[in-house]
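Here is the structure we will look at.
Values quoted throughout were computed directly from the atomic coordinates according to the rules given, and no laboratory measurement underlies them. This one's a predicted model, so the numbers in the text were calculated from it and none came from an experiment. Cβ placement follows ideal geometry from the backbone for every residue including glycine, while neighbour counts extend to all protein chains displayed.
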Amino acid sequence: SELETAVRLGLPIVCVVNSDSAWGMEHIGFRVQFGEGNDVGVKWGNVRYDKVAEGFGAHGEYCERTEEIAPAMARAWAAGKPAVVHVAVDAKANAEPPYWEQFASAYNNYY
């Protein structure tokens, strides 16, 4: 709904969505807490947020490689209307980021 509001009001904003087609860090948390294969509801299909943005009348960009991001951002800002830049990220790299051990320790202590 925020995207619809931005389009309706003509706000020139750019949103970047980093997507691994899952609740990435939650996925690893489920594996830690419940074991491999017990990750129901944390993965989904290839949702194209750039296409969702276009459905609202915003500008959409899709990036799969690092070198595509800067040109996509330039086009998004140049569009002069709300834009979404969807950056596809590697699910494994996203699931175990730097400092993962500290996060996992806090997670396990909480639950």
Study note, to complete from the structure: The extension gain from residue 16 to residue 70, computed as 0.36 nm times the residue separation minus the Cα-Cα distance, is 18.3 nm
Review point. Modelled label-to-label distance, residue 9 and residue 89, 7 Å Cα→beta-carbon offset: nm?
Key: 2.7
Exercise for review: Would you mind checking which residues have amide H under 5 Å from residue 16's amide H? H placed 1.01 Å from N; only 5 or more apart, or other chain.
Suggested key: 85
Practice item. Work out the FRET efficiency for residue 81 and residue 47 from their Cβ-Cβ distance, taking R0 = 25 Å, and round it to the nearest 0.05. Key: 0.70
Revision key, fill the gap. For 81-92, 63-74, 44-55, ranked highest to lowest by mean beta-carbon neighbours within 10 Å, the order is 81-92, 44-55, 63-74
Check your understanding: Under a straight-distance cross-link criterion of Cα-Cα below 25 Å, which lysines are reachable from residue 43, leaving out those fewer than 8 residues away in the same chain?
Key -> 51, 92
Revision key, fill the gap. For the stretch 47-55, in residue order, the Karplus 3J(HN,Hα) values (coefficients 6.51, -1.76, 1.60; θ = phi - 60°; whole Hz; Gly and Pro = x) are 7, 9, 5, 5, 6, 4, 4, 4, x
